[in-house]
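Read through the structure below, which is laid out as structure tokens, and then see the notes.
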Amino acid sequence: MPNWKMPAYKLHIKNMVCQRCVMTVENILQTLDIPYNHVILGEAELQNKPGNNDAAEIEKQLKLVGFEVIEGRANMIIENIRKLVREYIQSSDEKNQKLSSFITTHIPYEYSYLSDLFSSLEGTTIEQYFILQRIEKVKELIVYDHLTLTEIAYQTGFSSVHHLSAQFKKVTGLTPSFFKKIGAEKRKSIDKL
């Protein structure tokens, strides 16, 4: 008799953005006693397709921590675009490649189709989403307080500190310097807690 194995089932998950998210999903699957092969950003590969009760419980537990199960081809494409935008921002190697080229290298569709699909389902353009994600990365780096604004501008792909400051103010209404100042004022030193 041939050694036949049931194919794995991929569960696509929205809002996974970091390694902690991966560990959270792994923990949920372990707690629910759902056998899985691996979990990566945006996806959990289960050993078998879950039954209706297990699927409902997985969905319920994921929603409790801010995740959603993605169904449908268009929604999967949107989530892949979101994931690729975050990867593009994180990767300093990709800055010499345009975002549109980076996306179409990984998703085999015309960029105009992907852009129209994203806009119609998300209510914003890929470029606007990219700017918001990039500004969030800038905020994170400002709060960490390890880099100068020049270094932050370079690391996040802005052409200059002036360009970074203009985009930051347009999106947040604050200058990076003022954002840094109010962030520092809200923090308390450990000995004052």
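The values are calculated or read from the model by the stated rules, or taken from the named source; none is laboratory data. Treat the numbers as computed from the prediction; the structure is a model and nothing was measured. For neighbour counting, all protein chains shown are included, and Cβ atoms are generated from backbone atoms with ideal geometry for every residue, glycine included. With ligands, DNA and RNA removed, areas are computed over all heavy atoms of the protein, side chains included. Shrake-Rupley method; radii C 1.70, N 1.55, O 1.52, S 1.80 Å.
Would you look at the GNM of the chain, springs on alpha carbons closer than 10 Å, and say which of F179, F168, F130 moves the most? Fluctuation is largest for F179. Quantify, in whole percent, the carbon and sulfur part of the accessible surface of the chain (1.4 Å probe; protein heavy atoms only). So the carbon and sulfur contribution to the accessible surface is 52 percent.
Taking Cα atoms only, the orientation of helix 19-31 departs from the longest principal axis of the chain by about 30 degrees. Each Cα pair under 8 Å and six or more residues apart adds its separation to the average, and for the chain the resulting relative contact order is 14 percent. Note on E68 and Q128: with the Förster distance fixed at 22 Å, the Cβ-Cβ geometry gives a FRET efficiency of about 0.55. Between A56 and L121, the simple label model (points 7 Å from Cα in the Cβ direction) yields a spacing of 2.6 nm.
In the structure displayed, which of K98/K180; K60/K139; K98/K137; K63/K170; K10/K137; K98/K181 lie more than 23 Å apart, Cα to Cα? Table pairs above 23 Å Cα-Cα are K98/K180; K60/K139; K63/K170; K10/K137; K98/K181. The modelled label-to-label distance between E45 and T31, using points 7 Å beyond Cα along the C-beta direction, is 2.5 nm. Based on the convex hull around the alpha carbon atoms, region 1-121 presents an average projected area of 9.8 nm². What region 109-156 shows is 58 Å² of accessible area per residue, with the surface traced by a 1.4 Å probe over protein heavy atoms. Sorting R20, R82, R73 on solvent-accessible area from highest to lowest, probe radius 1.4 Å, gives R20, R73, R82.
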